[in-house]
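Encoded as structure tokens, the structure appears first; notes follow it.
Read the figures in this text as sums done on the coordinates, not as results from a lab. These figures come from a predicted structure and were not determined experimentally. Heads up, the Cβs are rebuilt from the backbone with ideal geometry, glycines too, and the neighbour counts pull from every protein chain shown.
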Amino acid sequence: MSDIADRVKKIVVEHLGVEEDKVVDNASFIDDLGADSLDTVELVMAFEEEFGIEIPDDAAETIQTFGDAVKFINDAS
Amino acid sequence: MFDLTGRCALVTGASGGIGGAIAHALHGAGATVGLSGTREAPLQDLATALGARAHVLPCDLSDAAAVDALPKEAAEAMGSLDILVNNAGITRDQVFMRMSDDEWQSVLDVNLTATMRLCRGVMRPMMKARWGRIVNVSSIVGATGNAGQANYAASKAGVVGMTKSIAYEVATRGITANAVAPGFIATAMTDKLTDDQKGRLNDQIPMGRMGTPEEIAAAVLYLASPEAAYVTGTTLHVNGGMVML
């Protein structure tokens, strides 16, 4: 779990250029971390690549926060 | 002037006059080209004429699954996919009040929907690469309309609106999306016209002649080039002054 969370956090920090301590479980990519809708698509692409999983579009739409992402990837991998 | 060395370009409708000229122009600038079209033999001939850096990728643009698969096939054949030129198009002219659903739909499917599918298919690799060029071939009649071509004109105007929307969305990612709108171009299709018909057409064109496929290809080459990095969402009209927009 923590390994996945760390890897997800690294991607989010690099992609959105935010401070690591801002990336908390309930941090919304769009409302709290400054992502636009295209950033969220790119984050999902980056998660798919990092973890070797497929995230379908309807599932991607449910990934709103850092915690959502970690939970989804945890369940999927 | 324009150097596309190391870039890989997919050109649809490459078996036609304008598509072939586009492939020649991009290839001549150093790009690797993927030649797509319905008829394989002319594509093979073109690939042979071009020599190295040319790949034949037959695809029926009315087959949605085949269209969705094409960008991946092209990227695998060429190594990447940096430039997409949606040039393929069909006409099924008919007086509007007699236009059948099939005449309408088949033109929209190939000219607009297949173009959309290919644009969508190249988004992911272009976003990752932070570089991409989409050039969609529209038509003068997309802006002016034309009797007997409600389906074709609608599809070509649709291409312009879609291209602008794509341009908005991906502008910050180093990807540009533009359209080229040819006027009357001398191809196998216009060769069938009588001299009288050609004369009347030319009278409507300030330059007094039809354009050449190479003149369309030059516009596509510019929009595909690194030099056109600040040009996006535009329609480049290449029509001898027939309509000045």
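Taking the criterion of being polar (S, T, N, Q) and touching a Gly at 6+ places or on another chain (Cβ under 8 Å), the residues of segment B:22-47 that qualify are B:Thr32, B:Ser36. Only one entry of A:Ala76, A:Ala59, A:Ala35, A:Ala27 meets the criterion of being within 20 Å of B:Glu169 (Cβ to Cβ) and small (Gly, Ala, Ser), and that entry is A:Ala35.
Going by what's in this entry, would A:Leu38 be described as touching a residue at least 24 places away in the same chain (Cβ under 8 Å) and either within 14 Å of chain B (Cβ to nearest Cβ) or touching a helix residue (DSSP H, G or I) at 6+ places or on another chain (Cβ under 8 Å) (or both)? Criteria not met by A:Leu38.
For segment B:62-78, state whether one or more residues are outside any helix (DSSP H, G or I) and buried (at least 18 other Cβ atoms within 10 Å of the Cβ). No - not one qualifying residue is present in segment B:62-78. Among the candidates B:Ile140, B:Ile175, B:Ile90, which residue alone is more than 14 Å from chain A (Cβ to nearest Cβ) and in contact with a strand residue (DSSP E or B) (Cβ under 7 Å, 6 or more places away or on another chain)? The conditions single out B:Ile140. Note on chain A: enclosed helices (runs of 4 or more DSSP H) holding 2 or more residues that are crowded, with 16+ Cβ neighbours inside 10 Å are A:2-16, A:37-51, A:66-76. Which residue is farthest from the chain's Cα centre (by Cα), if the candidates are limited to segment B:79-111 and must be surrounded by 21 or more Cβ atoms within 10 Å (Cβ to Cβ) and in a helix (DSSP H, G or I)? Filtering first and then ranking leaves B:Val107.
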